[in-house]
Structures are given as structure tokens and as C-alpha cells.
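Rule-based calculations on the coordinates, nothing more; no lab input. Keep in mind that this is a model prediction, so the values were computed, not measured. Here the Cβ is made from the backbone with ideal geometry for all residues, glycine too, and neighbour counts use every protein chain on show.
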Amino acid sequence: MAKLVKIINMKRIMRLKTGLRIVGGDDEIRIGGVDNSIIKDPLTGLPYIPGSSLKGVLRSSLEIAKGKTKVCDCGECIICRIFGKANNKETEKLRSFTRIIVRDSFLTERSKEILNEVLPFGVEIKKENSIDRVKGVAASPRTFDRVPAGAEFEVNIVLKIFEGDDEKEILDALELAFKLVEHNYIGSSGSRGYGQVEFKKAEFDYFDVKGEVERILG
Ligand SMILES: [Zn+2]
């Protein structure tokens, strides 16, 4: 098994250029495809984008661009090397070779403040609080049907670089995936203009695993 050499942490802001439309039930809302959902934090009622959802969008944008009609499971190509070998019993075993971890993306603090101020009076649809009469508490404090343009989510991605990996190839492929998502949409009703996003310039920091392992473990 190849040694882990380096961990790259990428942080970047995803800004909604148009409103993000959310359609569906109260717990999980499908966006733009089978795996793509936006979920509300049960404590705050605020929407967030699950890592699995963003990972799916990034992966499928590359696969669609390559003309693939289903998720690749070759385990060899750059898409599989970054995102893992999909839909296979060996996936669990190979998990350590999946190079990407996509964290959940939450609204930035600034966006949370703006949403809290604007939404009750703005044009965005907001469902009424529903009170659980048995417990006497608000069952769901806020329910957003739509997240307004301008809202920003913080995207956090971890990339594992193993011995023999071409770091540039991996970063270039990932950057291309972000670009392709910008030219597509997230959420529903994308063909009617919803869900256009832009990704701001990424910030990186690096953890020199190899160096630290050698220093500490010898
Ligand atoms: Zn593949």
C-alpha cells in the first residue's frame, strides 16, 4: 500500500449567483440528481450542503464531460483515483485510496446574519414555524424553500496525496470539476436560472505527513 505523503486542505467560498431552489420534504431535499441533496440543520433550520452531495456533483460533472453515462468503477482513471471506485463491494477496502474528503458546507457567519435579517421580510418563501403542541416547542424553527442569491457557503475539502501521485494532475482535475459546476447548477430548476454558483479562489494549507511521520516515528 502506498504511503501517505501529504494532506492538502482546501477552503473556498461558494457564492450563489442566483437563488438556490429547494424542493422536497422537510428533512432531505433533492437537488439536481439522485445523490444531490440539501439538508437543513435540525437545530437551526438553516440549509447546508452535505459533503456527499457536493462530492457527487463534482464527480458527475467530470464524468458527464467525459461522456460517461454511469459512475466509473475502473479504479484506475483520475476520477476514480480522486473520488474512489464507485458502486463496488471493494469500495470499503479501497476507501483509504480515495483521495478526497468533502466536508459539509455551511453558510458563512455573514450569510447567516443576512438571512436571519432579510428573510422574514424579503421575497424569499419562508414557511411558518410549526409548533409541536404536545411538546410545546417549535418543531422546525425555519424552513427555507429557497436560499437567496448572494448567500455564501464555505466549502472544505481534504485531499490525500500518496507516494507516486501526481499532485498537479489531481489539483487540476479538481479545479476543472469546480469550473464545470459553475457552468451548470446545483439544486432544482437549473434550466430556469436557479442554482448558479461561483467558487472563489481556493485557499490551501498543507500537512507534511511524510516529514512528520519520519520526525516522530522515525
Ligand atoms: Zn474510473
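Report the full-extension gain for the segment E109 to V158: residue separation times 0.36 nm, less the Cα-Cα distance, to one decimal in nm.
Working: separation 49, 0.36 × 49 = 17.64 nm, distance 2.16 nm.
My answer for the length gained is 15.5 nm.
Taking amide H as placed 1.01 Å from N in the peptide plane, the amide H of V5 sits under 5 Å from that of I161, F162, E163, each at least 5 places away or on another chain.
If I take R0 = 22 Å and measure r between the Cβ atoms of K201 and K3 in this structure, what FRET efficiency does the formula 1/(1 + (r/R0)^6) give, to the nearest 0.05? The value I calculate is 0.10.
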